[in-house]
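Here the structure comes first, spelled out in structure tokens, and everything after it is commentary.
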Amino acid sequence: EDKVVQSPLSLVVHEGDTVTLNCSYEVTNFRSLLWYKQEKKAPTFLFMLTSSGIEKKSGRLSSILDKKELFSILNITATQTGDSAIYLCAVLTWSGNKLVFGAGTILRVKS
Amino acid sequence: DVKVTQSSRYLVKRTGEKVFLECVQDMDHENMFWYRQDPGLGLRLIYFSYDVKMKEKGDIPEGYSVSREKKERFSLILESASTNQTSMYLCASKDRSEKTGELFFGEGSRLTVL
């Protein structure tokens with residue numbers, strides 16, 4: 001059974017801190033890994049990763065994939081209160097046309 | 001921009017009632033999905049559809065059915081709602097040829113079953 005595990009499940013930081021969110025996976029026929037951010041509404045797409053070691057970056061957010069160790073991290077530097085959200089990791093496999101999601105990490109940034 | 005619209009943001013129903021959750025997308029996507037989201041469990045796939053009148057069970061289809069009569073519309077049906085179906089329901093769509101797997105989500109329907 002395909003499985004995606006995120007850690008921590010929740011964390012609270014202060015503005016300006018740097019956070020690292022983890023996502024590990026055990027799937028058959030890995031195709032790509034995606035990160036989403038979910039505030040009060042629909043999840044919004046952040047990154048898609050398919051190759052090991054290539055960092056994807058968007059402003060203060062960055063992500064990297066390790067296909068040998070089967071994990072990805074999402075880094076957020078200089079956190080702001082607007083970063084407070086649920087961060088979802090999901091994996092797409094070649095054997096199906098659907099995403100397998102982790103439980104999510106709830107991030108709360110305090111001012 | 002892709003838009004996925006879920007008709008009801010909040011619903012309150014009684015045990016045993018039949019519930020319809022509607023989802024419409026405007027980008028001519030072949031693939032549509034219904035997930036439920038619960039704290040600590042993440043998003044779990046209920047059903048998905050890769051074409052009109054086609055459907056496949058996801059990981060937790062029990063107690064649910066779906067309908068895809070038109071390409072743009074994917075409905076989730078709870079034949080007899082139960083309290084353990086209280087949850088946030090998310091609809092999503094995806095272009096069949098899109099290689100990254102990116103899903104476009106609706107804003108969710110929060111269902112409470114009393």
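The values are calculated or read from the model by the stated rules, or taken from the named source; none is laboratory data. Quantities reported herein were computed from a predicted structural model and do not represent experimental measurements. As a convention, Cβ positions derive from the backbone with ideal geometry for all residues, glycine included, and neighbour counts pool all protein chains shown. SASA here: full protein model, heavy atoms, side chains in, ligands and nucleic acids out. Shrake-Rupley method; radii C 1.70, N 1.55, O 1.52, S 1.80 Å.
At a Cα cut-off below 13 Å, give the aspartates and glutamates reachable from B:Lys53, other chains included and same-chain residues fewer than 8 away excluded.
B:Glu30, B:Glu69, B:Glu72
For the protein assembly as shown, rounded, prolate or oblate, judged on the Cα gyration tensor with a ≥ b ≥ c (square roots of eigenvalues), a/c < 1.5 rounded, else prolate if a/b > b/c?
Taking the square roots of the gyration eigenvalues as a ≥ b ≥ c, the protein assembly as shown is prolate.
Once A and B are treated as a pair rather than alone, how much accessible area drops out, both sides summed, in Å² to 100, probe 1.4 Å? Let's see the in-between values first.
Working: alone 6330 and 6430 Å², together 11060 Å².
That pair of chains buries around 1700 Å² in total.
Quick one: check the C-alpha center-to-center distance for segment A:31-62 versus segment B:17-71, whole angstrom.
Here the answer is 23 Å between Cα centres.
Just to confirm the filter: which trypsin sites (Lys or Arg not before Pro) across segment B:1-82 are DSSP coil and have at most 12 other Cβ within 10 angstrom of their Cβ?
B:Lys3, B:Arg9, B:Arg14, B:Lys18, B:Lys53
Considering only protein heavy atoms, what per residue accessible area in square angstrom results for segment A:3-110 with a 1.4 angstrom probe?
Value returned for segment A:3-110: 47 Å² of accessible area per residue.
How do B:His29, A:His14 stack up against each other in accessible area, from largest to smallest, with a 1.4 angstrom probe?
Result of the area sort, largest leading: A:His14, B:His29.
Would you tell me the accessible area of A:Tyr25, worked out with a 1.4 angstrom probe on the heavy atoms of the protein chains, in Å² to the nearest 10?
Probe radius 1.4 Å; accessible area of A:Tyr25 about 10 Å².
Which FRET efficiency value, to the nearest 0.05, is calculated for B:Glu79 and A:Glu1 with the Förster distance at 25 angstrom and r the Cβ-Cβ distance?
0.40
Here is the link list: A:Lys37/A:Lys67; A:Lys40/B:Lys3; A:Lys40/B:Lys57; A:Lys41/A:Lys98. Which ones come out longer than 24 Å on Cα distance? Don't jump to the answer; show the numbers that get you there.
Details: A:Lys37/A:Lys67 22 Å; A:Lys40/B:Lys3 17 Å; A:Lys40/B:Lys57 27 Å; A:Lys41/A:Lys98 21 Å.
Violating the 24 Å limit, Cα to Cα: A:Lys40/B:Lys57.
How much of the accessible area of segment B:45-114, in percent, comes from carbon and sulfur atoms when a 1.4 Å probe is used? Spell out each step's value before the answer.
On the way: 1570 of 3200 Å².
Reported share for carbon and sulfur atoms: 49 percent.
With all protein chains present and a 1.4 Å probe, how do B:Ser109, A:Ser24 order by accessible area, largest first?
The ranking, largest first, comes out as A:Ser24, B:Ser109.
For chain A, what % of the accessible area comes from carbon and sulfur atoms, probe 1.4 Å?
Working: 2730 of 5470 Å².
In chain A, the share of accessible area belonging to carbon and sulfur is 50 percent.
Excluding ligands, DNA and RNA, what is the solvent-accessible area per residue of chain B at a probe of 1.4 Å, expressed in Å²?
Numbers: 5590 Å² over 114 residues.
Per-residue value: 49 Å².
Non-local amide H neighbours of B:Ser8 (under 5 Å, H modeled in plane, Pro and chain starts lacking H): which ones?
B:Glu22
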